[in-house]
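What follows draws every value from the coordinates through simple rules; no lab data is involved. The model shown is predicted, which means the values in this text are computed figures rather than measured ones. No Cβ is skipped: glycine too gets one built from the backbone with ideal geometry, and neighbour counts run over all protein chains shown.
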Amino acid sequence: MSWQPRRHPAIQPHEYVRGGTTKILTLFHPASGQVRLQSAERCTNAVLHPWLREHLSAVLAELPAPAPVQDPAATRTAWGMWQAGLTLPFTLPEKLPPLRLLLVWDNLTGHKTPELVLWLCAHGIMPLYTPVGGSWLNMAESIQRVLKRRALAGQHPHSPVEIGSWFEQTARGWNAQPTPFVWNGKRRQRRRRASQDPLHRLGGSGACTRQPLPQHRAKEPAKCQVL
């Protein structure tokens, strides 16, 4: 979406082919900048949930093994602190493992499926839902925007398969030298003004980076000069 002058609507280049769309399943770790990404024709629960379980299990396997639960009350308190202040917190299971991972994602009905939420809790993963209308709090919005520009700017794919393939190739290139993201909320902005810490804004969410990302712009065709 973009703003255009009156009577001058946005137009597509003649190479543009409307051949369909693709979905991009994304998991992003802001502290390291690493992204796990896969294209899909659809993003239904039957597609998203198995993919999510597979990749979250891989992430947990890379973390240090958790210590056995010595104090169940302290473990429940560690989980409960992330629900403090929520209007509609979900009920935590009776038995809880050590908290190992925080999963921030959109406030969609499919993300609150009891089967999936119980699986997350059983594996030490606390789901945190962004408020309605607050998708800008999710840093995955920013990384998708960055990868979209790098994968598709100046290009004219002819099929959803081609779009998905370019996204996945771009993600592999990004992971070879990732850029960590930092949160840039109001509190962060006040601290930055006090310390003069230079940050560079990113589109799509409230995330920033400590170093500017190169802008990959499509080269404009040379204009002929008429004498």
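With a ≥ b ≥ c the root eigenvalues of the C-alpha gyration tensor of region 47-151, is it rounded (a/c under 1.5), prolate (a/b larger than b/c) or oblate?
Since a/c reaches 1.5 and a/b is larger than b/c, the shape of region 47-151 is classed as prolate.
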If unit charges are put on Cβ atoms (+1 for Lys and Arg, -1 for Asp and Glu) and the dipole of region 1-132 is taken about its Cα centre, the option from Gln83, Ser39, Pro97 lying farthest towards the positive end turns out to be Ser39
By the C-alpha gyration tensor axes a ≥ b ≥ c (rounded if a/c is under 1.5, else prolate when a/b exceeds b/c, else oblate), the shape of region 100-169 is prolate
Region 1-121: relative contact order from alpha carbon pairs under 8 Å, six or more residues apart, as a whole percent, is 16 percent
At the level of C-alpha centres, the distance separating region 16-95 and region 125-154, in angstrom, is 14 Å
Low-density loop chymotrypsin sites (Phe, Trp or Tyr not before Pro), region 1-92, at most 15 other Cβ within 10 Å, DSSP non-H/G/I/E/B, are Trp3, Tyr16, Phe90
With DSSP loop assignment and no more than 13 other C-beta atoms within 10 Å, the chymotrypsin sites (Phe, Trp or Tyr not before Pro) in region 121-173 are none
Restricting to Cα pairs under 8 Å and 6 or more apart, the percent relative contact order of region 61-134 works out to 32 percent
